[in-house]
Amino acid sequence: MRICILGATGLVGRELLDLAPRAWPGAELALFASRDQALDHDGRRYEVEAACALEAEQAAPGELAFVALDDAHSARYVPRLLALGYRVIDKSNTYRLDPAVPLVVAGVNDAAVASARLVANPNCTTIPLALALAPLHRRFGVEEVTVSTYQAISGAGLAPLDEFLQASSAGYAAGDRLGAAFDPAAYAGNTVPHSGGTDDSGLSAEERKLIFESRKILGAAALPIAAQCARVPVAVGHYEHVWLTLGAGALGLTAAEIEAILRGAAFVRLSAGASGAGLSARACVEHRDEALVGRLRADPRDGGGRRWCLTVAADNLRMGAATNAVRVASRWFPSWDPALRGPGASI
Ligand SMILES: NC(=O)c1ccc[n+]([C@@H]2O[C@H](COP(=O)([O-])OP(=O)(O)OC[C@H]3O[C@@H](n4cnc5c(N)ncnc54)[C@H](OP(=O)(O)O)[C@@H]3O)[C@@H](O)[C@H]2O)c1
């Protein structure tokens, strides 16, 4: 089995480099990035080829490709990989809302993979949100959702993360309690709106992803969902506050009953009780392949059991990106490691 990873030198690509040999030991890995280079990762040196080599007439066919590139480069290489016979999981935004391409969260809508040869991997905030909402949606119907996100800097890629780490260490070293050394427009020591690509309606690109992708994955095209996204000065681990209204069947529901449902949900680690014990952005990095869900409590604006608040957090590089991609691909090529197998995929 030949597996290509495009964007292997990036943050998500490196996670795939760790996971692919666990899922498919013995597979040949072919790594691609912007240029020919050597990649030192986890004590090993890998040869990486320029992705444009895939456009050569003699480029090798293969079975599975993970594409962890920006939108423009995904649009360039995904059709070529399909033509070479690969089944492709694309991690960019390019194909997510294409009606012809399944958008899949393992544990939520795995059946959508069916006979597809290209699957889109959702955004890093959408995946954990969908894992938390899906079991409640199946049982009661989710009628309305409001989400506020607190997103880590690594969501922006390797170069912004490194810049953030450097600026943080210099800024905090200054020892000034007001943080005057920090740039008010930059990520270090700061919380900033995630407002890139804001459209005429006022939604940013990140907010649009969360809204439209959640509707597609949950099969709820008209679901009223509002989102407000921010970046916080954390390296890894996206955090989301969620307010939701359940259907009439939830009247009289208790927190214990919702927790029992969430406890049985695929790839969810429930932190029981309203205090959020064990739920933090750092905790995501200890439980990299699960969505952490907790702080469940009744929304005080409703006493009927239909309106609830909860918190969802996940490692944006793993659960929010690479792990989901590998679990989805395990529908096609069963994973050797059960932790990287989606429901319905058996060896
Ligand atoms: N970071 C996250 O939390 C996250 C989560 C979910 C989805 N995603 C999505 O996953 C994709 C990758 O994100 P990332 O955070 O891993 O980005 P990243 O760390 O910035 O890595 C980008 C990768 O793209 C490669 N690249 C750049 N220019 C190229 C070119 N001209 N031809 C071929 N390869 C090129 C880079 O190679 P060089 O090293 O050679 O420049 C690098 O391997 C993006 O679409 C992103 O939106 C990211």
Once a ≥ b ≥ c are taken as the square roots of the eigenvalues of the Cα gyration tensor of the range 1-59, is the result rounded (a/c under 1.5), prolate (a/b larger than b/c) or oblate (a/b not larger than b/c)?
oblate
Just to be sure I understand the model, the point goes 7 Å from the Cα along the line to the Cβ. What's the resulting ALA256 to GLU57 distance in nm?
7.3
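When all alpha-carbon pairs of the range 1-152 are counted, what percent fall beyond 22 Å?
Across the range 1-152, Cα pairs with separations above 22 Å total 45 percent.
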In Å, the Kirkwood estimate of hydrodynamic radius for the range 203-304 over Cα pairs equals 15.6
In the range 246-347, what % of DSSP beta bridges are antiparallel (nearest 5)?
55
Where in the range 180-194 does the amide nitrogen come within less than 16 Å of the point 7 Å from the Cα of SER148, taken along Cα to Cβ?
191-194
Placing each pseudo-label 7 Å from Cα in the direction of the beta carbon, THR198 and LEU178 end up separated by a distance in nanometres of 2.6
Quick one: which residues, 5+ away or cross-chain, put their amide H under 5 Å from the amide H of ARG231? H built at 1.01 Å from N.
GLN151, VAL192, HIS194
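Dividing the convex hull volume of the alpha carbon atoms of the range 68-145 by its residue count, what do you get in Å³ per residue?
Hull volume over Cα atoms, normalised by residue count, gives 101 Å³.
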How much mean residue ellipticity at 222 nm does the chain get from its helices, if each DSSP H run of length 4 or more adds -39500 (n - 2.57) and you divide by all residues, to the nearest 500 deg cm²/dmol?
-8000 deg cm²/dmol
What is the extension gain from ARG35 to ARG80, computed as 0.36 nm multiplied by their sequence separation minus the C-alpha to C-alpha distance, in nm to one decimal?
14.4 nm
Please work out the ratio of the alpha-carbon Rg of the chain to 2.2 N^0.38 Å and round it to two decimals.
1.00
Hey, rough spin-label estimate for GLU47 and ALA277, points 7 angstrom out along Cα→Cβ, what's it come to in nanometres?
5.4
So if I place +1 on the C-beta of Lys and Arg and -1 on the C-beta of Asp and Glu, and nothing else carries charge, what would the dipole magnitude of the range 256-347 be about its Cα centre? I want it in debye, nearest 20.
140
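Hey, any idea what Rg/Rh is for the range 84-213, computing Rh the Kirkwood way over Cα pairs?
On the way: Rg = 18.7 Å, Rh = 17.5 Å.
The Rg/Rh ratio comes out at 1.07.
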Antiparallel as a % of all DSSP beta bridges within the chain, to the nearest 5?
45
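Just so you know, all these numbers are worked out from the coordinates, no wet-lab data involved. What you are looking at is a predicted structure, and each value in this text was computed from that prediction instead of being measured. For neighbour counting, all protein chains shown are included, and Cβ atoms are generated from backbone atoms with ideal geometry for every residue, glycine included.
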